[in-house]
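Novice: The structure's right below; bear with me while I get my questions together.
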Amino acid sequence: MKKYWLLFVVTLLFIRSLWAVEGMWLPILLKEINEKEMKAMGMRISAEDLYSINRSSLKDAVFLFGGGCTSEIISSQGLLLTNHHCGYGQIQSHSSLKNDYLKYGFWAKSLKDELPNKGLTATRIVRMENVTDDVLKGAIKSDGTLEQSIVDANSKRIAQQSVQGTHYEASVKPFYYGNEYYLFITETFKDIRLVGTPPSFIGKFGGDTDNWMWPRHTGDFAVFRIYAGVDNKPAEYSENNVPYKPLHHFPISLKGVQPNDFTLVYGFPGRTQQYLPSAMVKLTMNDLNPIRIQIRQKALSVIDKAMASSDELRIKYAAKQSRISNAYKKWIGENRGLKKLDAIRIKQEWESRYLQAVKGTPYESLVQQFNNLVENFRPYALANDYYNEFIFSGPEIIRYTNNYVKFIKSYQELKSKGELDKQIQALKSSAEGYFKNYDKEVDRQIMLAVLPVFTSGLDVEMFPQVLKDELSKYKNDIPAMTNSLYATTLFADKNKILGWLENVNEKSIKKMMADPMYKITDNLYQTYQDKIDKVYKEYFDKIQTAMFAFLKSLRKYLPNDRRYYPDANSTLRVSYGKVEGYSPKDGIVYHWQTTVDGIIQKYIPNDTEFDLDQRFIDLYKNKDYGRYGSNGTLPVAFTASNHTTGGNSGSPVLNANGHLIGINFDRAWESTMSDIMYDPERCRNIICDIRYVLWVIDKYADATHLVNEMTIIE
Ligand code: ASP
């Protein structure tokens, strides 16, 4: 008897570990590949409920938010829920010292108070289709590789034909490194308004200290609304637009979750690289991530200090700081996780199995090819990251100056086409936007912090000559050169730039071109183009070609080695798993849930990351949780074993019935290597419990009218 019990328990444990399901699956293939397993795990709806082209389905309530997040519809009036950190740029741009929505939050009292957001879009997938055969027609060369120009031309034609006569858009995207292709028909809405956001002490509670961490207590949500023309179709912003009437909106469950409950994340994961060979993983771990981390750490050391010093600087740099610090901390976690997993050894063992399986086939030398390619690619990959990080996480003045380099280079052409005035106007208005969030002194200090890393790390062969010459004028004294540059340049001063734009002519152009900042920038971008970008792209393409062959042969010769879901590529995916905690290290087991009690435990009065306001504290003291409370407290967040990545931010998290139970917003730090290697034991996504979201809207913010729009299941 005892023996059978043991067997039973062992079997249960085995099944349990299978419940953390690796993979981001294509909605269109769920029926074929996943439905059975999902149902065995507890799902009560069908694959057809999740994705159907014959009737409205859950996918119709899932929207790509802007370029890189996910959002979901939660009312019949187009109310859209996403993360606070996804709407952060918009919230920041509406904020000023007078209307500090970042600090105090914002809630529109009625439709007319909802705030438009220039350039923000929300995109729905109308349908998708496997078009592999059509795309590859005539594109496979005799050596088995692809003629990319034919792939591109076929893709373009298929996309164009598929939306003729409709207001939809279409694109064809490669999967499995070009082994398969899917067509996506999309509908993009262009009038998306901000309805409400909690104050930062809720939406960003815990700040960078808690970002990527569990246990977590962040109310990471914001509310928007999609507006459409009176015909319910996408329209540019207009006062006459009306709230969009969706095909589906998610009912919201207040029933809560329990450990082992089925969970599903529906969203647009951005990028994963599960099939990288060991040489690429090594390059990422040992070379690329450290460069990125080092440069960002330097920039953040300046920005964080500046933001703490004044409200004005806090508002100016909030969105930039978030962007830089988010990936910075992720890469640190990713490297630790890969090391802990012994990822390189695991990959090498996998390669040995592969080599065994492809013996005697044309793929025999592929692993060696990768090793050689990566060795040659390495110096360019390093330089590419030095340049990119310097330009995009370093001083902004370089990027800004480059707008003028481009303008001056196209001056004659613009003039002859009669487009000069239009372009000058555009530069004027971009100057307004740019300088609103710019501080010369902060930028100078960023340059002082970051430039030494750039100059000392970059390969001498790839060093920009003008910067080198300029530095030698100052005996390689970086502070002396930097201070002098910022003291004299046109580009750090709004009035000087606007003044220059008032009178653009050959003479003023000459003057601008003599500005050392202009010369450095021009040469920096040019050096990148000439010495790095070209070769980098050549190697990158060669690696992609090798990956195409690798994936093709892996699926053919090692079909049962693992499940070959396609890497994330910002297309609509489903991840499923269970509510569960994890053990980050020996002796520690993390609970799967946090509550408002933890917020109070973390509270540090007047701290930039862990402060609260009196209203919040009073509601807590009165235990005023209404219907959102459970067991005498208020649930705030929980973890589950859904395989997610960046882009899944804001994704709806659904229960077995397809009802909304939370918003996905993060992963635990120990999980961030899941972009490269997933570990079912430790990879957990972090979800803001929908009951906390509604409590904040209803009880804290008094925006009950919004809750009244929703379909609530108690
Ligand atoms: N918090 C993450 C992001 O910023 C989401 C994730 O990567 O899991 O995109």
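Novice: For the range 487-519, give me each residue that is within 16 Å of ILE424 (Cβ to Cβ), in a helix (DSSP H, G or I) and in contact (Cβ under 8 Å) with a residue 60 or more places away in the chain.
Specialist: Passing the criteria: LYS494, ILE497, LEU498, LEU501, ILE509, MET512.
Novice: In this structure, is ASN240 more than 16 Å from the ligand (Cβ to nearest atom), without any contact (Cβ under 8 Å) to a residue 12 or more places away in the chain and either open to solvent by 10 Å² or more (accessible area, probe 1.4 Å) or within 18 Å of GLY87 (Cα to Cα) (or both)?
Specialist: Details: more than 16 Å from the ligand (Cβ to nearest atom): yes; without any contact (Cβ under 8 Å) to a residue 12 or more places away in the chain: yes; either open to solvent by 10 Å² or more (accessible area, probe 1.4 Å) or within 18 Å of GLY87 (Cα to Cα) (or both): yes.
It is true that ASN240 is more than 16 Å from the ligand (Cβ to nearest atom), without any contact (Cβ under 8 Å) to a residue 12 or more places away in the chain and either open to solvent by 10 Å² or more (accessible area, probe 1.4 Å) or within 18 Å of GLY87 (Cα to Cα) (or both).
Novice: Name the pairs whose Cβ atoms lie under 7 Å apart, with the first residue in the range 100-111 and more than 14 Å from GLN90 (Cβ to Cβ), the second open to solvent by less than 10 Å² (accessible area, probe 1.4 Å) and part of a loop (DSSP other than H, G, I, E, B), and 6 or more positions between them or separate chains?
Specialist: LYS103/PRO199; TYR104/PRO199; TRP107/ALA703
Novice: What about VAL653, is it under 30 Å from HIS248 (Cβ atoms), out of contact with any Phe, Trp or Tyr (no Cβ under 7 Å at 6 or more places or on another chain) and either modelled with pLDDT under 95 or part of a strand (DSSP E or B) (or both)? Give the steps one after another, and end with the answer.
Specialist: Working: under 30 Å from HIS248 (Cβ atoms): yes; out of contact with any Phe, Trp or Tyr (no Cβ under 7 Å at 6 or more places or on another chain): yes; either modelled with pLDDT under 95 or part of a strand (DSSP E or B) (or both): yes.
Yes; evaluated as a whole, the condition is true for this residue.
Novice: Residues that are within 16 Å of the ligand (Cβ to nearest atom), at least 2 per element: which helices (runs of 4 or more DSSP H) completely within the range 58-153 meet that?
Specialist: Numbers: elements: 88-93, 101-104, 132-136.
Ranges flagged: 88-93.
Novice: Can you find a residue in the range 637-650 that is among the β-branched types (Val, Ile, Thr), part of a strand (DSSP E or B) and within 16 Å of the ligand (Cβ to nearest atom)?
Specialist: Looking through the range 637-650, at least one residue is among the β-branched types (Val, Ile, Thr), part of a strand (DSSP E or B) and within 16 Å of the ligand (Cβ to nearest atom).
Novice: Of the residues ALA228, ALA279, ALA235, ALA222, only one is under 30 Å from ARG378 (Cα atoms) and either surrounded by fewer than 23 Cβ atoms within 10 Å (Cβ to Cβ) or touching a helix residue (DSSP H, G or I) at 6+ places or on another chain (Cβ under 8 Å) (or both); which? Show your work before the answer.
Specialist: Numbers: ALA228 fails: under 30 Å from ARG378 (Cα atoms); ALA235 fails: under 30 Å from ARG378 (Cα atoms); ALA222 fails: under 30 Å from ARG378 (Cα atoms).
None of the others qualify; the one that does is ALA279.
Novice: Go through (1) open to solvent by 10 Å² or more (accessible area, probe 1.4 Å); (2) touching a strand residue (DSSP E or B) at 6+ places or on another chain (Cβ under 8 Å); (3) within 16 Å of the ligand (Cβ to nearest atom) one by one and return the number of the condition GLU681 breaks.
Specialist: All conditions pass for GLU681, except number (3).
Novice: Now, a different point. Please verify whether the range 196-215 includes one or more residues that are closer than 16 Å to GLY66 by Cβ and either within 16 Å of the ligand (Cβ to nearest atom) or touching a strand residue (DSSP E or B) at 6+ places or on another chain (Cβ under 7 Å) (or both).
Specialist: Quick first cut of the range 196-215, residues closer than 16 Å to GLY66 by Cβ only: 197.
Remaining after also requiring either within 16 Å of the ligand (Cβ to nearest atom) or touching a strand residue (DSSP E or B) at 6+ places or on another chain (Cβ under 7 Å) (or both): 197.
Scanning the range 196-215, I find at least one residue that is closer than 16 Å to GLY66 by Cβ and either within 16 Å of the ligand (Cβ to nearest atom) or touching a strand residue (DSSP E or B) at 6+ places or on another chain (Cβ under 7 Å) (or both), so the answer is yes.
Novice: Any residue at all in the range 659-666 that's surrounded by fewer than 23 Cβ atoms within 10 Å (Cβ to Cβ), away from the ligand (no atom under 13 Å from the Cβ) and in contact (Cβ under 8 Å) with a residue 60 or more places away in the chain? Break it down stepwise before answering.
Specialist: Applying the first criterion (surrounded by fewer than 23 Cβ atoms within 10 Å (Cβ to Cβ)) to the range 659-666 yields 659.
Restricting the remaining residues to those that are away from the ligand (no atom under 13 Å from the Cβ) gives 659.
Within this subset, residues satisfying the condition of being in contact (Cβ under 8 Å) with a residue 60 or more places away in the chain are 659.
Yes, the range 659-666 has at least one match.
Novice: Scan the range 520-540 for residues that are touching a residue at least 12 places away in the same chain (Cβ under 8 Å) and acidic (Asp, Glu) and jot them down.
Specialist: Of everything in the range 520-540, those that are touching a residue at least 12 places away in the same chain (Cβ under 8 Å) and acidic (Asp, Glu) turn out to be ASP522, ASP533.
Novice: Any idea which of VAL374, VAL367, VAL405, VAL450 is touching a residue at least 12 places away in the same chain (Cβ under 8 Å), closer than 30 Å to LYS305 by Cα and buried (at least 18 other Cβ atoms within 10 Å of the Cβ)? Even if it seems obvious, please write down each step before you answer.
Specialist: Values: VAL374 fails: closer than 30 Å to LYS305 by Cα; VAL367 fails: closer than 30 Å to LYS305 by Cα; VAL405 fails: closer than 30 Å to LYS305 by Cα.
Answer to the selection: VAL450.
The values are calculated or read from the model by the stated rules, or taken from the named source; none is laboratory data. Everything numeric in this text was worked out from a predicted model, so none of it was measured. Every residue, glycine among them, receives a Cβ derived from its backbone with ideal geometry; neighbour counts consider all protein chains shown. Just the protein is used for accessible areas: all its heavy atoms, side chains included, with ligands, DNA and RNA removed. Shrake-Rupley method; radii C 1.70, N 1.55, O 1.52, S 1.80 Å.
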